[in-house]
1. When region 43-58 is examined, which residues are found to be β-branched (Val, Ile, Thr) and either in contact (Cβ under 8 Å) with a residue 60 or more places away in the chain or under 12 Å from Ile7 (Cα atoms) (or both)?
2. Among the numbered criteria (1) in a loop (DSSP other than H, G, I, E, B); (2) open to solvent by less than 30 Å² (accessible area, probe 1.4 Å), which single criterion is violated by Leu17?
3. Quick one: what pairs do we get from region 206-219, first residue closer than 18 Å to Ser41 by Cβ, second of a type in the set (D, E, K, R) and at pLDDT 90 or above, C-beta under 6 Å, 6+ apart or different chains?
4. Filter region 60-90 down to the residues that are open to solvent by 50 Å² or more (accessible area, probe 1.4 Å) and part of a strand (DSSP E or B), then identify the one that is farthest from Ala4 (Cα to Cα).
5. So which of Ile2, Ile8 ends up being crowded, with 18+ Cβ neighbours inside 10 Å, modelled with pLDDT of 95 or more and either basic (Lys, Arg) or closer than 25 Å to Phe215 by Cβ (or both)?
6. If Ile203 passes every condition in (1) open to solvent by 50 Å² or more (accessible area, probe 1.4 Å); (2) under 24 Å from Glu98 (Cα atoms) but one, which one does it miss?
7. Of everything in region 185-203, what is in a loop (DSSP other than H, G, I, E, B) and either free of Cβ contacts under 8 Å to residues at least 40 places away in the same chain or over 16 Å from the mean Cα position of the chain (by Cα) (or both)? Give them in sequence order.
8. Can you tell me which residues in region 28-59 are assigned to a loop (DSSP other than H, G, I, E, B), open to solvent by 40 Å² or more (accessible area, probe 1.4 Å) and hydroxyl-bearing (Ser, Thr, Tyr)?
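The values are calculated or read from the model by the stated rules, or taken from the named source; none is laboratory data. Being a predicted model, the structure only gives us computed values, none of them experimental. Positions of Cβ are generated from backbone atoms using ideal geometry, with glycine treated the same way; all protein chains shown enter the neighbour counts. We work out accessible area using only protein heavy atoms, side chains counted, and drop any ligands, DNA or RNA first. Shrake-Rupley method; radii C 1.70, N 1.55, O 1.52, S 1.80 Å.
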Amino acid sequence: MIRAENIIKSFGSLQVLRGIDFYAAPSEVVAIMGASGAGKSTLLQILGTLSHPEGGSLTIAGKDVLSLKGDALSAFRNKQIGFVFQAHHLLPEFTAVENVMIPALIAGVKEKEARARALELLSEVGLSARSEHKPSQLSGGEQQRVAIARALINQPSVLFADEPSGNLDSATKAEIHKLFFEMRERHGQTIVIVTHDPDLAKICDRSLFMRDGKFEDFSFSTI
């Protein structure tokens, strides 16, 4: 599902990624760990097409995404990729269901259909009763559940998560971790998670460790 080879990225004179190779199979859940500054989030941004490398190749769902530009890249990202961040990035003026609907509306889905799909996803993440609440009326864990539902609204091939439980208490973390795997079973996405949490890494199909812009002891196995 994801194949990245020899990815190189620098910021000025600082080389952050030093020829990274990364692969993920369909429906695989992969954790990427490492100290702060190792290059984890930079790699995730490149895999998610939010940043462009200086060298290397990247294929997602059979598409050479580095060749896409402008509207074509935006359309691919909107349809094929979902994002969940540590900060939920929910729009405060909109309700939970409206926040979930937004990517579908951007993709041209009719409002009635987008709302029905958003309500279905909110039910799947356990928030049916909170669909008309605004983010300020939701707990941190509930906001992250809304963010996960929003990431899945367009049925993407790949879901990228950057420290998705970093701001949550232990009990809520465990619930969010479990939710990722429940969503994988229901929807079949490949999921790549950057995390400092060893408990989350342990339950993933595969864990990789980054140091100084490269993976240590990297190996690839299909699921």
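1. Ile46
2. (1)
3. Met210/Lys40; Gly213/Arg18; Lys214/Arg18
4. Filtering first and then ranking leaves Phe85.
5. Testing whether each residue is crowded, with 18+ Cβ neighbours inside 10 Å, modelled with pLDDT of 95 or more and either basic (Lys, Arg) or closer than 25 Å to Phe215 by Cβ (or both) leaves just Ile2.
6. Unmet condition: (2).
7. Passing the criteria: only Asp197.
8. Answer for region 28-59, where residues must be assigned to a loop (DSSP other than H, G, I, E, B), open to solvent by 40 Å² or more (accessible area, probe 1.4 Å) and hydroxyl-bearing (Ser, Thr, Tyr): just Ser36.
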